[in-house]
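Asks: Below is a structure I'd like to ask you about.
The values are calculated or read from the model by the stated rules, or taken from the named source; none is laboratory data. Because the structure is a prediction, the values reported are computed rather than measured. FYI the Cβ positions are ideal-geometry reconstructions off the backbone, even for glycines, and counts take in every protein chain you see. Areas reflect the complete protein model, heavy atoms only, side chains present, ligands, DNA and RNA absent. Shrake-Rupley method; radii C 1.70, N 1.55, O 1.52, S 1.80 Å.
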Amino acid sequence: MTTNEHEPRALYIRTRARATSTIKGLLQRVINYGRLIRFSHTIFALPFALASVTLASAIRPVTSLTLLWILVAMVGARSAAMGFNRLADKKLDALNPRTRGWEMPQEKVKVWEAVLLTSLAAVIFIYAAHQLNPLCFLLSPLALAVIFFYSLTKRFTWASHLFLGLALSLAPMGAWLAVTGTPQHPTDLLTPFFLSLAVLFWLAGFDIIYSLQDYDFDRSHGLHSIPVRFGVVWGLRLSSLSHILTVFFLVLVGLSAGLGVIYWAGVAVVCGILIWEHRLVRPDDLSRINRAFFDLNAYVSVGYFLMTLADLLWRA
């Protein structure tokens, strides 16, 4: 084979190698974006939103299109919140030994990329809210303001865990309004109100546990949290109190919605998982925080949704 005959094949090999490299680069960038916004953590809020949709379906039928836009709104809001959080905490994350390996401190994601991603996610959320109904569209900027504000709270208040809970508690209320529209009377919102309070205290409770990893860093850098303000022991006690309130409000959800035995079994399971979570983390042993944070709380949210859905399907 002559040199000229080799050239087309060599050109083909180089072109294919460049294309493969480009595809790998794009896939890695998508992975970096997903890690930046912790897309996997959507499992915490989404099941409670779906549980709210399930409960609201007893009042008004849920169309597949409504469900689709609720899912789009959830992903958009969650992505915008995490993107803003990473931008707000960029300098702190670079100093914290636990987080300095994350995407922005390592410059795997540039600031302009994070700004673009956050802005795009916010626009998607507002557009999805517009597709749902006028009330959701009207409230969407307020919802964004609340979830963005949380990222700033640890700079000035130990109640930052409650603000995080508030941010995620908007999901079940928003999902309910997406299905039912404008309420005719305040009592129409009792069930989603109780569910939102359950989510607020559930989130605050396990965020207190999660913040124990940064106890020394937060103290040395003037950041605020319940463990920093009240100590590790009292932090765990207040986390337990938060989860007691979670179960209390889940009970009120069941009573207000007239749910049945499957639902109550689900609440009992949630209670058991939360007790297990607090047995894993002790003041003298914080080694299992990550397991308590991710695994068990994923069981709580997904399990609660499935048991709520099963109860309504059984009674239907």
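Asks: Any residue in segment 228-256 that's more than 17 Å from Glu277 (Cβ to Cβ): show its pairings with residues that are open to solvent by less than 50 Å² (accessible area, probe 1.4 Å) and among the β-branched types (Val, Ile, Thr) at Cβ separation under 7 Å, as long as the two are six or more apart or on different chains.
Replies: Close Cβ pairs (under 7 Å, with a partner that is open to solvent by less than 50 Å² (accessible area, probe 1.4 Å) and among the β-branched types (Val, Ile, Thr)) amount to Val251/Val267; Val253/Thr191; Gly254/Val267; Ser256/Thr191.
Asks: Within segment 190-199, identify whether any single residue is assigned to a helix (DSSP H, G or I), under 16 Å from Ile70 (Cβ atoms) and of a type in the set (Phe, Trp, Tyr), and answer yes or no.
Replies: Here is the first cut: in segment 190-199, the residues assigned to a helix (DSSP H, G or I) are 190-199.
If we keep only those that are under 16 Å from Ile70 (Cβ atoms) as well, we get 192, 195-196, 199.
Filter again for of a type in the set (Phe, Trp, Tyr), leaving none.
No, segment 190-199 has no match at all.
Asks: Does any residue of segment 184-201 turn out to be under 22 Å from Met82 (Cβ atoms), without any contact (Cβ under 8 Å) to a residue 60 or more places away in the chain, open to solvent by less than 30 Å² (accessible area, probe 1.4 Å) and touching an Asp or Glu at 6+ places or on another chain (Cβ under 9 Å)?
Replies: There is no residue in segment 184-201 that is under 22 Å from Met82 (Cβ atoms), without any contact (Cβ under 8 Å) to a residue 60 or more places away in the chain, open to solvent by less than 30 Å² (accessible area, probe 1.4 Å) and touching an Asp or Glu at 6+ places or on another chain (Cβ under 9 Å).
Asks: Listed residues Leu152, Leu144, Leu92; which is open to solvent by 40 Å² or more (accessible area, probe 1.4 Å) and either on the phi < 0 side of the Ramachandran plot or not aliphatic (A, V, I, L, M) (or both)?
Replies: Values: Leu144 fails: open to solvent by 40 Å² or more (accessible area, probe 1.4 Å); Leu92 fails: open to solvent by 40 Å² or more (accessible area, probe 1.4 Å).
After ruling out the rest, the residue left standing is Leu152.
Asks: Taking Asp218, is it touching a residue at least 24 places away in the same chain (Cβ under 8 Å) and out of contact with any helix residue (DSSP H, G or I) (no Cβ under 8 Å at 6 or more places or on another chain)? Before the answer, list the steps.
Replies: Details: touching a residue at least 24 places away in the same chain (Cβ under 8 Å): yes; out of contact with any helix residue (DSSP H, G or I) (no Cβ under 8 Å at 6 or more places or on another chain): no.
The answer is no for Asp218.
Asks: Name the single residue that is nearest to the chain's Cα centre (by Cα) among those in segment 44-91 being assigned to a helix (DSSP H, G or I) and basic (Lys, Arg).
Replies: Pass one, segment 44-91, residues assigned to a helix (DSSP H, G or I): 44-56, 64-88, 90-91.
Those left that are additionally basic (Lys, Arg): 78, 86, 90-91.
Numbers: Arg78: 6, Arg86: 14, Lys90: 19, Lys91: 22 Å.
Ranking the qualifying residues of segment 44-91, first place goes to Arg78.
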